[in-house]
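**Student:** For reference, the structure I am asking about is given below.
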There are 4 protein chains.
Amino acid sequence: MKKLLLTAFEPFAGEIINPSLEAARVMKNVSFPEAQLDILELPVDRFLAIEVTLNRLREEKPDVVIMLGEGSRRFRINPERVAINVDDFRIPDNAGNQPKGEPIIAGAPAAYFSTLPIYEIVERIQKAKIPASISNTAGTYLCNRIFYSVMHFIAVEQMKTQAGFIHLPYIHEQTIDKPIDFPSLSLTDAIEAVRLAIESSLLGIK
Amino acid sequence: MKKLLLTAFEPFAGEIINPSLEAARVMKNVSFPEAQLDILELPVDRFLAIEVTLNRLREEKPDVVIMLGEGSRRFRINPERVAINVDDFRIPDNAGNQPKGEPIIAGAPAAYFSTLPIYEIVERIQKAKIPASISNTAGTYLCNRIFYSVMHFIAVEQMKTQAGFIHLPYIHEQTIDKPIDFPSLSLTDAIEAVRLAIESSLLGIK
Amino acid sequence: MKKLLLTAFEPFAGEIINPSLEAARVMKNVSFPEAQLDILELPVDRFLAIEVTLNRLREEKPDVVIMLGEGSRRFRINPERVAINVDDFRIPDNAGNQPKGEPIIAGAPAAYFSTLPIYEIVERIQKAKIPASISNTAGTYLCNRIFYSVMHFIAVEQMKTQAGFIHLPYIHEQTIDKPIDFPSLSLTDAIEAVRLAIESSLLGIK
Amino acid sequence: MKKLLLTAFEPFAGEIINPSLEAARVMKNVSFPEAQLDILELPVDRFLAIEVTLNRLREEKPDVVIMLGEGSRRFRINPERVAINVDDFRIPDNAGNQPKGEPIIAGAPAAYFSTLPIYEIVERIQKAKIPASISNTAGTYLCNRIFYSVMHFIAVEQMKTQAGFIHLPYIHEQTIDKPIDFPSLSLTDAIEAVRLAIESSLLGIK
């Protein structure tokens, strides 16, 4: 039995929905034969989000960590390729923090690559006729920050955990009332894509 | 029992799918209690498409005509507000025609407004959490041409038929392999939106 | 000596610049050998803008009217093809008016085509290496409203005036501080495009 | 007297212009009081481009290296923040190479940050009313490859050279005939932005 930690964020930036949270909650009721899912809902607070997540990693030592987040203006399900060592927030987080161009961890490596099977995840989601592609930037906000922090923790602690981040576009509920066009997916598609990403990641573990 | 004519186009511009055709074909199996649906599949040929459609109007005298077409780069289900009297094709149609800036019907009015309940259609589709908005241009290709031609025929023949055009975005099947981002909807959403547009249009008839 | 009326709007929607006004004001100092320019700065007030413009038309009987406006999210200089008989404001005008789906003039034609040489204008601007293309919708806000009102006035009064509307993208000054990407042109390019559009329109008069 | 190496690429992907080359060539005629410019035109060949550039670094030991490249679909002048250790070409280079997901240098660090003053460069260009912002991905094509290779070389050789990459949007000449909208800048703006980036980078050297 594999242990998989799935994280998602609460809404932010004036939204009342975060597609990552909607999709993650549904995963509680999905059965993955060979895995036990632990779902963690994170605050959009640059310090607290990291603390909560690293504590869980320390305690549970999961085999896989899939971090989910909202990518406004994304067109596709985007497994992220790389996390970089910088915080540069365009808007404050929900706790009011807004670092501008600081390293996440001074003296630590510039970047870590995702250790999830990102090419296989994209292929599996595309086969289900849901738009997906690899993204080369997770931005410089909380999504990148938690992604970087988890990868660095795994490296420093010499854990075998495979981990990575996946950005989800807005879901239709978020774009319907907006006066201008935004790309979005149906909630049904977002949920199915997360399920497929989990399946694909579990296949990847030895 | 009301008679509703639903038209859709074959694929064009190198696509092997036309979302209007996919959605229209499914409507054959959908029951609309108070209406009889007649579904017409049109060639992307500026002359033949009009001939076939006007013949059907003449023979069947439908109460409602809903014309469907593909709107690449559209983000939302777009009921069109207005048809204008011009053909200006950016690419040739499937028969090789490519008029540049000609009137569709010389001496006829500059434009006709849709007589479908476009605000109600948008509202009904949005309530189902599918992105929709009114569009103010149907372009100057075949979609606008058939829309204009039908509205002009109804006016000249003094028919009571309510008619209009709805553009559908690409469906995911069309965008998955494209190297760059295109907006798209799931086929499920496209089908449901067309069903709701029909329902809403039928409610609008006295 | 030909008389040319050039109109432009004040800033709106929170902007402190309107590129149409910036470009129009510069035209005061540009010499057009065969024409006398009259430049009219208009309030973003759906009633006052029309009143002021039609009064000027009545008094001055210009040979050409070129109406300029800002098209946020436009990528190119856009001579408009057609004005439609509808007011449907997404945001209020500067006087607080926000009509939703009303005709501009009840019982009047659905639309009027521009009588400016729009293909020639586009070609002339493109030759100067400034992006330009014909637009098929002037929207349903004040730009379309003044365009429609002027075309209808000319038709009703049986004037020989050639008239039309040109949308200008944002200029860089407006987009530099915006946190997300917007298309924009340099003010230099916007000014040159307006100068070329005037030149081209004057050539078109018999 | 400081030595500055400026690199630019030849056209690719069917284009006949590369804005980086247009801008770099003009710099030959621009005077930078405290610096001597060396301008290197690179082939879009993943092996040759690197070989030529690293040879020049070895021979000339410049104080600053500014690498320029074309970023189609970019809206702004984009100093890049980070180079990552991956080649994943969406299209072949001009020599037909198309690696898919390979490390640039096996066993080397995941990434290097730009050592140019990217915040200052952006601010200086914005003050000149030209759109600019920091980009968090240089992609996974030749632009990222040369950027990564140069940064790694500087690190391994323990050089003091400050280096980084700047993506330029298309220039208008490239977008005017394209049937769909692409963001672009005037050549004048692109040239001025490169001049300002050089100025700003030279100020940054101790």
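**Student:** So what's the gap between the Cα centers of the range C:2-40 and the range B:49-66, to the nearest angstrom?
**Tutor:** 48
**Student:** Shifting gears a bit: Per residue, how much space in cubic angstrom lies within the convex hull of the C-alpha atoms of the range B:32-165? Don't skip to the answer; put the middle values down first.
**Tutor:** Details: hull volume 15.3 nm³, N = 134.
It is 114 Å³ per residue.
**Student:** Nearest 20 debye, what's the magnitude of the dipole of the range A:1-120 about its Cα centre given +1 on Lys and Arg Cβ and -1 on Asp and Glu Cβ?
**Tutor:** Dipole of the range A:1-120, to the nearest 20 debye: 240 debye.
**Student:** Still on this structure, I have one more. What relative contact order, as a whole-number percentage, does the range A:2-203 give when Cα pairs under 8 Å and 6 or more residues apart are counted? Write down the numbers at each step before the final one.
**Tutor:** Working: 398 pairs, mean separation 58.7, N = 202.
It rounds to 29 percent for the range A:2-203.
**Student:** Which of the three applies to the range D:69-127, rounded, prolate or oblate, going by the alpha-carbon gyration tensor with a ≥ b ≥ c and a/c under 1.5 meaning rounded?
**Tutor:** oblate
**Student:** When each copy gets a label point 7 Å from Cα toward the beta-carbon at C:GLU102, what are the spacings between them in nm, shortest first?
**Tutor:** Spacings between copies for this position, smallest first, are 4.1, 5.4, 6.7 nm.
**Student:** Right, something else. When you count, for each residue, the other Cβ atoms within 10 Å and take the mean per peptide, how do B:195-204, B:154-163 rank with the highest first? Each step should come with its number before you reach the end.
**Tutor:** Details: B:195-204: 20.2, B:154-163: 15.2.
Answer by packing, highest mean first, reads B:195-204, B:154-163.
**Student:** For chain B, what is the mean residue ellipticity at 222 nm derived from helices alone (per DSSP H run of n ≥ 4: -39500 (n - 2.57); sum divided by total residues; nearest 500 deg cm²/dmol)?
**Tutor:** Helix contribution divided over all residues of chain B: -10000 deg cm²/dmol.
**Student:** Principal axes first, then extents: for the Cα atoms of the range D:143-202, list largest minus smallest coordinate on each axis, whole Å, largest first.
**Tutor:** 48, 25, 11
**Student:** Counting Lys and Arg as +1 and Asp and Glu as -1, what is the net charge of the other residues whose Cβ lies under 10 Å from the Cβ of B:ILE176?
**Tutor:** +2
**Student:** Treating the beta-carbon of each Lys and Arg as +1 and of each Asp and Glu as -1, no other charges, what is the dipole magnitude of the range C:1-54 about its Cα centre, to the nearest 20 debye? Please report the intermediate quantities before stating the final value.
**Tutor:** Numbers: 5 positive and 8 negative charges, 44 e Å.
Rounded to the nearest 20 debye, it is 220 debye.
**Student:** Hey, which of these cross-link pairs are over 19 Å Cα-Cα: C:LYS2/C:LYS61; A:LYS178/C:LYS100; C:LYS178/D:LYS129? The partial results should precede the final answer.
**Tutor:** Working: C:LYS2/C:LYS61 10 Å; A:LYS178/C:LYS100 17 Å; C:LYS178/D:LYS129 13 Å.
Those over the limit do not exist; all pairs fall within it.
**Student:** Moving to a separate point now. Once you list every other residue whose beta carbon is under 12 Å from the beta carbon of C:ASP88, what net charge do they have if Lys and Arg are +1 and Asp and Glu are -1?
**Tutor:** So the surrounding residues net to +3.
**Student:** Can you tell me the equivalent ellipsoid semi-axes for the range B:29-94? Use √(5λ) from the Cα gyration tensor, largest first, whole Å.
**Tutor:** The equivalent ellipsoid of the range B:29-94 has semi-axes of 24, 18, 12 Å.
**Student:** Can you list, shortest first and in nm, the gaps between the label point of A:GLU123 and those of its counterparts in the other copies, using a point 7 Å from Cα in the C-beta direction?
**Tutor:** Ordered by increasing distance: 4.8, 4.9, 5.2 nm.
**Student:** If you add up the charges near A:SER114, with Lys and Arg at +1 and Asp and Glu at -1, over every other residue whose beta carbon is less than 14 angstrom from its beta carbon, what do you get?
**Tutor:** -2
**Student:** Taking the Cα centre of the range A:2-203 as origin, sum charge times position over the Cβ atoms of Lys and Arg (+1) and Asp and Glu (-1), and report the length of that vector in debye to the nearest 20.
**Tutor:** Computed about the Cα centre, the dipole is about 400 debye.
**Student:** Residues of the range D:26-64 with the amide nitrogen closer than 11 Å to a label point 7 Å from the Cα of D:LYS2, along Cα-to-Cβ, please.
**Tutor:** D:33-36, D:63-64, by backbone N distance to the label point.
**Student:** How big is the Cα convex hull of the range A:104-195 in projection, averaged over all directions, in nm²?
**Tutor:** 7.3
**Student:** Where does the protein assembly as shown land on the Kirkwood hydrodynamic radius, alpha-carbon pairs, in angstrom?
**Tutor:** About 29.1 Å, per the Kirkwood formula over Cα pairs.
**Student:** Still on this structure, I have one more. Give the long-range amide H neighbours of B:LEU68: residues separated by 5 or more places, or on another chain, with amide H under 5 Å away, using H modelled in the peptide plane at 1.01 Å from N.
**Tutor:** The list, which skips near neighbours in sequence, is B:THR7, B:ALA8, B:ILE166.
**Student:** Give the average, rounded to an integer, of partner chain Cβ atoms located within 10 angstrom of each Cβ in B:126-138.
**Tutor:** Numbers: counts 3, 1, 2, 10, 4, 12, 2, 5, 4, 1, 10, 8, 2.
For this peptide, the per-residue mean of nearby foreign Cβ atoms is 5.
**Student:** Then there is this: What FRET efficiency comes out for the pair C:ARG25/C:ASN97, r = Cβ-Cβ distance, R0 = 25 Å, nearest 0.05?
**Tutor:** 0.45
**Student:** Among chain C residues, which Cβ is nearest the axis of the C-onto-A rotation, and at how many Å?
**Tutor:** Nearest Cβ to the rotation axis, residue and whole-Å distance: C:ILE180, 5.
**Student:** Where the centroid of each part is defined by its Cα atoms, how far is the range A:126-153 from the range D:74-122 in Å?
**Tutor:** Each part reduced to its Cα centre gives a spacing of 17 Å.
No value in this document is a laboratory result; all are computed from the given coordinates. Since we're looking at a predicted model, the values are computed, not measured. Here the Cβ is made from the backbone with ideal geometry for all residues, glycine too, and neighbour counts use every protein chain on show.
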